[in-house]
1. Where in region 15-79 are there chymotrypsin sites (Phe, Trp or Tyr not before Pro) that are in a DSSP coil and have at most 14 other Cβ atoms within 10 angstrom of their Cβ?
2. Across region 182-188, in residue order, what do the Karplus-derived ³J(HN,Hα) couplings come to in whole Hz, using 6.51 cos²θ - 1.76 cosθ + 1.60 with θ = phi - 60° and x for Gly and Pro?
3. Reachable aspartates and glutamates from Lys202, Cα under 15 Å, same-chain residues fewer than 8 places away excluded?
4. Mind checking which lysines have their Cα closer than 29 Å to the Cα of Lys235? Skip sequence neighbours fewer than 8 apart in that chain.
5. Which of the trypsin sites (Lys or Arg not before Pro) found in region 53-100 are in a DSSP loop and have at most 14 neighbouring Cβ atoms, other than their own, within 10 Å?
6. Per residue of region 209-219, in order, report the coupling 6.51 cos²θ - 1.76 cosθ + 1.60 (Karplus, θ = phi - 60°) as ³J(HN,Hα) in whole Hz, putting x for Gly and Pro.
7. Determine the calculated [θ] at 222 nm for the chain from helices alone, applying -39500 (n - 2.57) to every DSSP H run no shorter than 4 residues and normalising by the residue count; nearest 500 deg cm²/dmol.
8. Listed highest first by mean packing, meaning other Cβ atoms within 10 Å per residue, what order do 106-119, 182-195, 148-161, 203-216 come in?
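The values are calculated or read from the model by the stated rules, or taken from the named source; none is laboratory data. Since the model is a prediction, treat every value here as computed from it, not as a measurement. Neighbour counts are summed over all protein chains in view; Cβ atoms, including those assigned to glycine, are modelled from backbone coordinates with ideal geometry. Side chains included, ligands, DNA and RNA excluded: accessible areas come from the protein's heavy atoms. Shrake-Rupley method; radii C 1.70, N 1.55, O 1.52, S 1.80 Å.
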Amino acid sequence: MLNTLLNHRSIRKFRQLPVESQKLNSVLEAAVRGSNTGNMQVYSIVLTTDAEVKSKLWETHFKQEMVSQAPVIATFCADINRFSKWCDIQDADAGYDNFLWFMNASIDAIIAAQNFCVAAEDYDLGICYLGTTTYNADKIIEILKLPKGVVPVTSVVLGYPDEAPEKEDRLPLKGVVHFDTYSDYQKDDIEKIYQEKENSEKTKDLLKINDKENLAKIFTDNRYKKADNLLFSQKFMEVIEKQGFMNNKQ
Ligand SMILES: Cc1cc2nc3c(=O)[nH]c(=O)nc-3n(C[C@H](O)[C@H](O)[C@H](O)COP(=O)(O)O)c2cc1C
């Protein structure tokens with residue numbers, strides 16, 4: 001399992017082969033075995049294999065090719081709907097329609113997603129997360145018919161890999177781990193931590209392609225722009241509210 005974790009790479013090209021149902025089932029069993037809030041499992045997983053639904057999802061995921069290519073798309077949702085309904089039936093007063101429970105349910109969903117990914121990779125399947133889930137959550141809610149109390153927080157494409165990419169770099173451990181208390185970064189520390197990333201061949205190629213003077217600007221000016229961040233933040237906050245997670249007043 002440790003080798004599986006240490007050899008992780010995201011896969012974005014898939015063979016046109018279905019995932020055997022027994023394997024998919026084991027991966028799902030691993031997903032739901034994850035730790036979760038109070039063992040209430042306040043999440044749901046929606047598996048999409050149908051070509052028509054996949055095509056609709058592909059549109060919402062900014063037409064990323066892997067979404068139409070992968071045999072399975074798994075959408076992991078924060079879900080207080082099921083648990084609250086159970087409480088109602090039991091005449092118990094469910095107070096989960098607030099932001100705290102959006103966070104709890106999102107954490108549950110994300111832990112399930114990561115277990116799903118690690119189990120899949122252990123079977124030599126390939127996975128890639130789709131951050132576009134939160135960008136177009138409103139459309140995904142429509143396509144997947146998610147009721148109030150349910151918000152998609154992340155998605156994963158799954159299938160047999162049709163590529164063997166190199167491992168991506170990571171920041172050095174000492175760049176991300178703090179001992180006992182947080183030691184804030186001085187300019188020197190920041191420069192050291194990002195040095196290898198900035199000087200890699202991959203970065204040099206990216207700078208040429210994007211015609212930018214440094215890597216940080218590729219992130220801020222091209223990949224994750226402030227205007228987009230604000231637009232999609234606003235949209236997502238509206239979704240969270242509409243799905244009934246923002247009743248925060250006493
Ligand atoms: C929350 C999240 C959202 C992501 N969204 C996308 C995405 O929309 N498209 C994509 O190609 N990769 C996506 N990725 C994959 C990352 O780009 C990838 O994990 C990162 O570049 C490191 O590469 P590696 O996973 O191969 O080590 C996402 C990863 C995470 C955790």
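1. Numbers: sites: Tyr43, Trp58, Phe62, Phe76; in loops: Phe62.
For chymotrypsin sites (Phe, Trp or Tyr not before Pro) across region 15-79 that sit outside H, G, I, E and B with at most 14 neighbouring Cβ atoms in 10 Å, the list reads Phe62.
2. Running phi through 6.51 cos²θ - 1.76 cosθ + 1.60 with θ = phi - 60° gives 6, 9, 5, 8, 8, 3, 4 Hz.
3. In chain and number order, the partners are Glu166, Glu168, Asp169, Asp211, Glu213.
4. Here the lysines satisfying the reach criterion relative to Lys235 are Lys54, Lys56, Lys63, Lys85, Lys139, Lys145, Lys148, Lys217, Lys225, Lys226, Lys249.
5. On the way: sites: Lys54, Lys56, Lys63, Arg82, Lys85; in loops: Lys63.
When the trypsin sites (Lys or Arg not before Pro) of region 53-100 are filtered for loop state and at most 14 Cβ neighbours within 10 Å, Lys63 remain.
6. 4, 8, 6, 10, 7, 8, 5, 4, 5, 5, 5
7. Values: 12 runs with 121 residues, N = 250.
Taken over the chain, the calculation gives -14000 deg cm²/dmol.
8. Working: 106-119: 21.4, 182-195: 10.9, 148-161: 23.0, 203-216: 12.7.
Ranked from most to least packed, the peptides come out as 148-161, 106-119, 203-216, 182-195.
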